[in-house]
Amino acid sequence: MNNPYHWLMPNPDIFYGKDRLKMIDEVIAGIGHGESFAIVGGRRMGKTTFLRRLEREIAATTRGEFLPIYLDAQTMPDNLSVDGIFNWIKEHVSYVLSIDFSKKDKILGEWIIRVIKKLNCLRLILIIDEFDQFSYHKYRHIFFSNLRALIHNTPGISEKFSVVVAGARMLQNLYDSPGSPLANVLTWKYLSLLDREDTEKLVREPTKDRFSHEIGEIVWRYTGGHPFIIQYLMHHLCVWSEEGIDERDALERAKNKFIEEHDVMFKGLWFDYLNEGERRIYRILRERGAMTVEEITQEFGYKSGEVRGCLRLLSYVGFVKRAENTQNSYTIAGEILDEWIKENDKKEYIQKLSESLSLHELFDELESAIRHFVIRILKEHGRLVDIQKIFPDEIREANDRYKKESGSDKDCPQEEILLYSDFAFPFKIILKFWKAFYEKFSENPRNRILGRDLNRAKMRFEERMEVLTRIRNALRHGRMNKLSQEEIDKGRIFAQEIISLVRTNDSNNRSVR
């Protein structure tokens, strides 16, 4: 049979969840009253599928009165000015609608009026996916303020313009931040896990009842209703059952394959996305089975509002769900996520850098940390002179860069040579003296991130070098639109991992050989 499941491709035809369908109706009704919306959900919780379904439903139910335009912020070019951001949005709308916007606007958003008049509609709805991307932009505060003005306080435009934006924790930070220009002009909605009934429908209906109720129960137990994981398991179940593999065995294989392949995703969610308070609540829910807000408040001494905020985040990320047949109790969701957490939840966490850091700032932090680490270790053991013999091309390029930037006709001082090298050079030095540098990494993050096997650890380090170098080159040359959000997320995780490895103590004094 044709396999209806694809966990990486948004498909608005495979759209399940009574709460999600109800939310679609609520958003459309709200837009009719002039509202704009923020849709918050964790990575892989189905935000893009939701937006694509919303786009389709708006077009179908309003019969041309509302004009929805979908826009993926991941495709935004890097380093745009505020005017550049709005021009990029305008150019996208121009392309989709085949309308000439070459006439220069006298006021911000004047082109919106031209769209309304040209197409004889009542309202333009801009549907912006991956809205978190704007939070990393250095002009984000001005952009958010201007967007607020357009949807809330620009006569002649605000009455004809709404936005529906979707994102994850950085979007939620706009709600939580004091003085945020968007907090009180957007209506906030949260995606959560599917319930047992909707999970079974997603297992049964696309396959025309090919799989039994028992298979639906296993998928529910494994996933807790996580739509991304459900589609992943079902895709492989369809493939392997066609090959004659027992359905239960196929699901078990798919579960193990998912855990193995998505280690980076789990690390990003558990170590980077959550704070320690949220992790503590997850642990106590695992221990107790199910707890109310009041019980968690009493257990930890948190304020009830803080607990509700933590549970809301844990819910929209997909870690917890409301306990069945209760209104106020929460429990952990899905064996797959919990199995990984049991194996990897340690007391030593990756150092969490400020969420407000842009990708540029994070990579600047990474470059500084790894270069100073490598210089220090080489100086300690008198090996700086050796790298000039081993890496003549890289040293020559660094010297040329030093001369150009300093105006000197002399070569760069040895102890500063890495400060003028390419991004990848410190990684290459570490790999050249791998065993020695491996022993110099901080032990706890080293064993967790790279593992204890020297050769496998080297392969993992090489993977991080390749991913980080590719992202750094994209940053440097303004080609961020060539990267997927998944690559960017992986880059943020890998950057923080490397920083935690090289910020080590000086207790290990073995020689670099």
Review point. Applying 1/(1 + (r/R0)^6) with R0 = 45 Å to the Cβ-Cβ distance of Lys201 and Lys428, what FRET efficiency is obtained, to the nearest 0.05?
Key: 0.30
Practice item. Once you have the Cα-Cα distance between Lys117 and Ser177, take 0.36 nm times their residue separation minus that, and quote the gain in nm to one decimal. Key: 17.9 nm
Review point. By how many degrees, 0 to 90 and rounded to 10, does the Cα axis of helix 304-317 deviate from the longest principal axis of the chain?
Key: 90 degrees
Review point. Any idea which of Leu194, Val163, Pro181 is furthest toward the positive side of the dipole for the stretch 162-207, if Lys and Arg beta-carbons carry +1 and Asp and Glu beta-carbons -1?
Key: Pro181
**Study point:** Nearest-0.05 FRET efficiency for His477 and His372, computed from C-beta distance (R0 41 Å)
**Key:** 0.95
Revision key, fill the gap. Extension length gain for Asn447 and Lys22 (0.36 nm per residue less Cα distance), in nm, is 148.4 nm
Practice item. Could you tell me the convex hull volume per residue, in Å³, taken over the Cα atoms of the chain? Key: 189 Å³
Study note, to complete from the structure: In nanometres, the difference between 0.36 nm per residue of separation and the alpha-carbon distance of Glu159 and Thr61 is 33.3 nm
Review point. Could you give the nm distance between label points at Arg280 and Val239, where each point is 7 Å from its Cα heading toward the beta carbon?
Key: 4.3 nm
Revision key, fill the gap. Surpassing 25 Å at the alpha-carbon level, of the pairs Lys389/Lys482; Lys47/Lys482; Lys90/Lys138; Lys404/Lys458, are Lys389/Lys482; Lys404/Lys458
**Study point:** Rounded accessible area per residue of the chain, 1.4 Å, Å²
**Key:** 47 Å²
Review point. For the chain, with only Lys/Arg (+1) and Asp/Glu (-1) charged at the beta-carbon, what is the dipole magnitude about the Cα centre, in debye rounded to 20?
Key: 900 debye
**Study point:** Nearest 10 degrees, 0 to 90: helix 82-97 Cα axis against the chain principal axis
**Key:** 50 degrees
Check your understanding: What is the ratio of the Cα radius of gyration of the stretch 385-513 to 2.2 N^0.38 Å, where N is its residue count, to two decimals?
Key -> 1.17
Review point. Along the charge dipole of the chain, which of Ala149, Trp270, Gly407 sits closest to the positive end, that is, farthest toward it, with unit charges on the beta carbon of Lys, Arg, Asp and Glu (+1, +1, -1, -1)?
Key: Gly407
Check your understanding: Going by alpha carbons, how many degrees (0 to 90, nearest 10) lie between the helix axis of 485-502 and the longest principal axis of the chain?
Key -> 30 degrees
Exercise for review: Please list His6, His213 in order of solvent-accessible area, largest first, computed with a 1.4 Å probe with all protein chains present.
Suggested key: His213, His6
Practice item. Just the Kirkwood number for the stretch 125-174, please: inverse of mean 1/r across all distinct Cα pairs, in Å, one decimal. Key: 11.5 Å
Point to revise | Helical mean residue ellipticity (222 nm; -39500 (n - 2.57) per DSSP H run of 4+; nearest 500) of the chain | key: -17500 deg cm²/dmol
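The values are calculated or read from the model by the stated rules, or taken from the named source; none is laboratory data. All values reported here derive from a predicted model rather than from experimental measurement. All Cβ positions, glycine included, derive from the backbone under ideal geometry; neighbour counts span all protein chains shown. For the accessible areas, the whole protein counts, side chains as well, though only heavy atoms, and no ligand, DNA or RNA atoms are used. Shrake-Rupley method; radii C 1.70, N 1.55, O 1.52, S 1.80 Å.
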